[in-house]
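The values are calculated or read from the model by the stated rules, or taken from the named source; none is laboratory data. Quantities reported herein were computed from a predicted structural model and do not represent experimental measurements. For neighbour counting, all protein chains shown are included, and Cβ atoms are generated from backbone atoms with ideal geometry for every residue, glycine included.
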Amino acid sequence: MKFNQITLLAFIGSAALARAQIISDPAHIDVYITPYYNSKGPTIEVGPFSSGLAAKNEPEFLATIAKMKKSWDTLNFPETYVAAIRLYDLGYRKESIYWFYSAQYRGRLFGSLIDQEKMGSMGAPGFELFQAQNAFQQLVGPYINGYAFGDIDQLIPIIERVQKEGRTVPDLTKIYPRVTFKPKSEWDAANKAVNDGMTKLLVTLKNEKASIKKQRIENGMEAKFGKLPSKDLPKGSAL
């Protein structure tokens with residue numbers, strides 16, 4: 001490995017799945033994560049923001065993003081991931097990076113703190129969410145990271161921002177009311193582990209920038225994602 005790919009893959013998703021996933025259109029995230037998101041449509045089931053996130057009308061979508069911004073601290077990870085996907089597909093790709101890494105942080109924390117012995121089986125809220133946090137990361141990551149890793153200097157401050165915001169542990173019982181979590185005495189340590197993982201990622205990005213760039217060129221990622229444009233969110237919609 002030319003750089004610390006283990007650290008990178010911990011955030012991008014599994015290497016095998018990423019290789020098997022065929023990205024025919026880098027400008028559109030084509031994924032299906034039941035029951036939360038299907039790119040065909042799209043069909044979205046993540047709660048009160050679902051219809052606005054799926055809106056064909058871009059002003060309606062942007063109004064939904066603005067509303068989600070006002071509820072930022074209490075967003076769950078599926079709706080944050082879906083917002084990242086939709087932002088990416090609609091061309092707000094730099095903004096999608098921030099939402100993606102925020103969703104990833106929230107999903108990782110959820111996965112660390114759910115009581116797996118009490119999460120139930122297929123169909124139970126805890127079980128479905130636990131499976132989804134892996135699926136979102138592994139299926140969406142190759143797209144957004146495919147774009148994001150093309151500009152490491154842009155990516156680093158976004159991750160630093162997400163890491164800083166993640167130092168405060170939210171009340172997961174309010175965000176996921178039908179899920180049983182580990183005792184709150186374990187929350188701070190679990191959150192520190194997630195936060196420390198981002199430190200390792202940042203160190204890799206800062207130290208291996210040239211190697212990452214070289215490998216992107218060699219494996220075709222630069223040609224596939226390097227020319228994708230990004231537009232800025234209107235004032236009032238950006239975080």
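Some notes on this structure:
- For VAL179, the test of being among the hydrophobic types (A, V, I, L, M, F, W, C), surrounded by 14 or more Cβ atoms within 10 Å (Cβ to Cβ), in a loop (DSSP other than H, G, I, E, B) and in contact with a strand residue (DSSP E or B) (Cβ under 7 Å, 6 or more places away or on another chain) is passed.
- Subset of the range 151-165 [free of Cβ contacts under 8 Å to residues at least 24 places away in the same chain and either closer than 15 Å to GLN104 by Cβ or basic (Lys, Arg) (or both)]: LYS164
- When the range 45-90 is filtered for residues that are in contact (Cβ under 8 Å) with a residue 60 or more places away in the chain and among the acidic types (Asp, Glu), the ones remaining, listed by number, are ASP73, ASP89.
- Checked against the criterion of being modelled with pLDDT under 95, of a type in the set (Gly, Ala, Ser) and assigned to a loop (DSSP other than H, G, I, E, B), the range 159-168 has no qualifying residue.
- 2 or more residues under 21 Å from LEU139 (Cβ atoms), β-branched (Val, Ile, Thr) and under 16 Å from the mean Cα position of the chain (by Cα): qualifying helices (runs of 4 or more DSSP H) within the range 28-101: 77-89
- In this entry, TYR147 is excluded by the filter for residues that are touching a residue at least 12 places away in the same chain (Cβ under 8 Å), hydroxyl-bearing (Ser, Thr, Tyr) and closer than 30 Å to THR180 by Cβ.
- Residue match in the range 69-91 (condition: in contact with a Lys or Arg (Cβ under 9 Å, 6 or more places away or on another chain), buried (at least 20 other Cβ atoms within 10 Å of the Cβ) and among the hydroxyl-bearing types (Ser, Thr, Tyr)): yes
- The set of residues in the range 107-129 being in contact with a helix residue (DSSP H, G or I) (Cβ under 6 Å, 6 or more places away or on another chain) and without any contact (Cβ under 8 Å) to a residue 60 or more places away in the chain consists of GLY107, GLY111, GLY120, SER121.
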